[in-house]
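Okay, structure first, notes after.
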Amino acid sequence: MTIVILPPDVVGKIAAGEVIERPASTAKELIENSLDAGASDIRVEIREGGRRLLRVIDDGCGIPRAEVELAVARHATSKLRTADDLLHITTLGFRGEALNSIAAVSQMTILTRSAAEETATQLRLEGGLVAARESRGAPPGTVITVENLFFNVPARLAFLRQPQTEAGHIADMVARYAQAFPERRFSLVSDGRLLFQSTGNGSLPDVLAKVYGLEAAREMIPAGALAGHRAAADQSPQHPAASASPAAAPANLAPTVWGYIGLPSQHRANRNYIVFFLNRRWIQDRTLAYAVIEAYHTFLPVGRYPMATLMIELEPSLVDVNVHPTKAEVRFRDPRAVYRAVQKAVHQALIEQAPLPSVTLPSSAPTWGQPDGWDARRDALVNAGQAPNRHQLELDLPRPTPAPEEQPVLSGWPAIAASPPPSDLPMLRVIGQAAATYIIAEGPDGLYLIDQHAAHERILYEKLMAEMQRHAVPSQSLLEPVAFTPHGRHAALLAEYASVLNDLGFTLEPFGGHTYLVRSVPAVMHRADPQQATQEILEGLAEEENLVDDAREARLVRIICKRAAIKGGQTLSLIEMRELTRQLEACQSPRTCPHGRPTMVALSALQLEKFFARR
Ligand code: ADP
Ligand code: MG
């Protein structure tokens, strides 16, 4: 075949395919146009999931009569003039592509009136060609009606899902913009039924209540700048804009993050409830979603995901919004700064505001401490006072008289308590151990059960993270180096992450081919099988390809701590339990292990009083 330039109608359909994937993408583009037009009331009406009809009604500025045809021309926009304007985009649209693309694959009617004009203009298009034009009476604003989407693109039509599925996607889209613009009123009517409505009163919590329900919204807490923290990223000298123009006010260069995040009790099955807006534009960003998940990692059960609605505000020149056909993905000039700002905002909010999990006692029959397995637990309790078998223990505690065969590997527990503000965990008095797994302790407000493995994991995690930041992770040399040969992707990962692994206390020496000699391992891992330990580390690395390095480091540290922490089923002495509890109190996030399970449950004095009918 010879090369030909495609006729305009084919070009139009190809371009439309990039931008308009399904009814929800049509809704997105039309809503964005209404927002750009300054509308304060945006109403979306759909029939049959938007396939039969999708209409967006706004009270925005309207399109002047003389420009209506132009609005549907390809690359026709009122929002951009020069290529330079692309460097600091402040509108949601800018390519002049949407109306043209939607018109090309549907029957579209535009009814619009600018405030300056007496009457409205109505333009009807069929597959992008003008079919009719007339003057009509209508209030100022714009109504765009899209009927029979993809009527002339059977391939696309075949891929549409059930109407209720498509309606669901549209509802998600409307809900997102309602969150980004709480001061504007959104409604969605599907087949005559009102599916969603926001008030436009400017309150994001009110919108969240509409989107997620009152119960869930009540369990969301303010984060970032909202919680009083300017979650500004580090003002690092390598910041491109900072070095380019030192005169610029630094406050404008750091991202500001604010919003609402779900309490750990509000976990979900997938990450769809983590929503980001960049300068009020809804964006999808897996790495940022990971920053949130990572911040929760110490709070949520494994395999569950948090809820978060987070606004990122960033000087427009520091982000390229022109990298994705539907503008749903953006490219940050300094992705790490944004990552850190998001993570910091979320983590700080959690540390300061997330409550301790507590035991819910049944109001009727007493079930706490039932006979089931009671004997074993009592035995363990009794045994708790006795000296444990020290060879089993990997808990490295300053002991009054260390057994002679023991080589102290770690030098105490520095730094944690000294550095960031310690937790608000009360001073606990250790009473004993239950089931050789839980430490029983008393605090000023009641009883605590501490999971010794989870608690030790948390202690080791914070210690190792602090040591890694100081490049001072103690490492343990092996008597005999051990050969290790990673395979496939692991080989490349090992080469790439050699220096991070080194920071973590591994010494890996190339030994020809893909083989390495493991000469040392992190000191906390000294009892683990070095080959298996290295293998597990690589598996952890391979699990998520597109994590930024910070996140990978944290994941690796978690893997190490899981291996190194004392296990459940190990009897501990009172001294050991006291030391463990002391160190847990000094942790920044003592309430959860690094994998998100709780380290403890509390049973308040009040609950006990109620339980025993003392009140
Ligand atoms: P873009 O939004 O990238 O400019 P569109 O194809 O979406 O491109 O829209 C083309 C132009 O039509 C816009 O620049 C705007 O001037 C005008 N327009 C579209 N929708 C509306 C609306 N709801 N209200 C006012 N003007 C609109
Ligand atoms: Mg647009």
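The values are calculated or read from the model by the stated rules, or taken from the named source; none is laboratory data. Worth saying up front: this structure is predicted, and the values here are computed from it rather than measured. Cβ sites come from the backbone with ideal geometry, for glycine too, and all protein chains shown count toward neighbours. With ligands, DNA and RNA removed, areas are computed over all heavy atoms of the protein, side chains included. Shrake-Rupley method; radii C 1.70, N 1.55, O 1.52, S 1.80 Å.
To keep it simple, each residue is scored yes or no on (1) at pLDDT 95 or above; (2) out of contact with any helix residue (DSSP H, G or I) (no Cβ under 7 Å at 6 or more places or on another chain); (3) among the polar types (S, T, N, Q); (4) closer than 18 Å to Ile170 by Cβ.
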residue: Ala24; (1), (2), (3), (4): yes, no, no, yes
residue: Glu29; (1), (2), (3), (4): yes, no, no, yes
residue: Gly38; (1), (2), (3), (4): yes, yes, no, no
residue: Arg52; (1), (2), (3), (4): yes, yes, no, yes
residue: Arg55; (1), (2), (3), (4): yes, yes, no, yes
residue: Asp59; (1), (2), (3), (4): yes, yes, no, no
residue: Val68; (1), (2), (3), (4): yes, yes, no, no
residue: Thr82; (1), (2), (3), (4): no, yes, yes, no
residue: Gln107; (1), (2), (3), (4): yes, yes, yes, no
Exception for Glu118 within (1) farther than 27 Å from Arg136 by Cα; (2) surrounded by fewer than 18 Cβ atoms within 10 Å (Cβ to Cβ); (3) modelled with pLDDT of 90 or more falls at (1)
Members of the stretch 442-488 found to be touching a strand residue (DSSP E or B) at 6+ places or on another chain (Cβ under 6 Å) and part of a helix (DSSP H, G or I), listed by number: Gln452
Just to check your reading of the model, which residue among Arg55, Arg51 is within 17 Å of Arg136 (Cβ to Cβ) and either in the same structural domain as Val146 (by TED's automatic domain parsing) or within 15 Å of ligand 2 (Cβ to nearest atom) (or both)? Arg55
Do you know which of the residues in the stretch 54-68 that are within 7 Å of ligand 1 (Cβ to nearest atom) and farther than 22 Å from Gly12 by Cβ is most open to solvent (accessible area, probe 1.4 Å)? Cys61
Boolean, Ala491 is farther than 20 Å from Cys593 by Cα, touching a His at 6+ places or on another chain (Cβ under 6 Å) and not in a strand (DSSP E or B): yes
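Within the stretch 252-265, is there a residue that is in a helix (DSSP H, G or I) and at pLDDT below 95?
For the stretch 252-265, residues in a helix (DSSP H, G or I) and at pLDDT below 95: present.
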Mind checking which residues of the stretch 544-577 are open to solvent by 50 Å² or more (accessible area, probe 1.4 Å) and under 17 Å from the mean Cα position of the chain (by Cα)? Glu545, Asn546, Asp549
Among the residues of the stretch 586-615, the number that are over 24 Å from Ala454 (Cα atoms) and in contact with a Phe, Trp or Tyr (Cβ under 8 Å, 6 or more places away or on another chain) is 1
Lone qualifier among Ala178, Ala98 - being on the phi < 0 side of the Ramachandran plot, within 14 Å of ligand 1 (Cβ to nearest atom) and in the same structural domain as Asp41 (by TED's automatic domain parsing): Ala98
So, first residue under 12 Å from Cys587 (Cα atoms) and touching a residue at least 60 places away in the same chain (Cβ under 8 Å) in the stretch 448-474, second residue polar (S, T, N, Q) and open to solvent by 20 Å² or more (accessible area, probe 1.4 Å), Cβ within less than 7 Å, six or more apart or across chains; the pairs are Glu462/Gln588
Considering only residues of the stretch 504-528 that are free of Cβ contacts under 8 Å to residues at least 40 places away in the same chain and under 34 Å from the mean Cα position of the chain (by Cα), which is nearest to Lys463 (Cα to Cα)? Gly505
Test set (1) among the hydrophobic types (A, V, I, L, M, F, W, C); (2) closer than 30 Å to Val323 by Cβ; (3) open to solvent by less than 60 Å² (accessible area, probe 1.4 Å) - Leu87 fails condition number: (3)
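For the stretch 85-105, give me each residue that is within 14 Å of ligand 2 (Cβ to nearest atom) and either modelled with pLDDT of 95 or more or under 20 Å from Leu123 (Cβ atoms) (or both).
Gly93, Gly96, Glu97, Ala98, Leu99, Asn100, Ser101, Ile102, Ala103, listed by residue number.
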Does Arg81 fit the bill of being farther than 17 Å from Pro139 by Cα and within 12 Å of ligand 1 (Cβ to nearest atom)? yes
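Against the condition modelled with pLDDT of 85 or more, of a type in the set (Val, Ile, Thr) and open to solvent by 30 Å² or more (accessible area, probe 1.4 Å), how does Thr599 come out, does it pass?
no
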Go through the stretch 69-84 and count every residue that is open to solvent by less than 30 Å² (accessible area, probe 1.4 Å) and either within 10 Å of ligand 2 (Cβ to nearest atom) or touching a Pro at 6+ places or on another chain (Cβ under 6 Å) (or both). 1
Every residue in the stretch 1-45 that is under 18 Å from Ile102 (Cα atoms), within 30 Å of the chain's Cα centre (by Cα) and open to solvent by 50 Å² or more (accessible area, probe 1.4 Å), please. Glu18, Glu21, Arg22
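Identify, from the list Leu460, Leu447, the residue that is under 25 Å from Arg578 (Cα atoms), touching a Leu at 6+ places or on another chain (Cβ under 9 Å), modelled with pLDDT of 90 or more and assigned by TED's automatic domain parsing to the domain that holds Arg563.
That would be Leu447, the only listed residue that is under 25 Å from Arg578 (Cα atoms), touching a Leu at 6+ places or on another chain (Cβ under 9 Å), modelled with pLDDT of 90 or more and assigned by TED's automatic domain parsing to the domain that holds Arg563.
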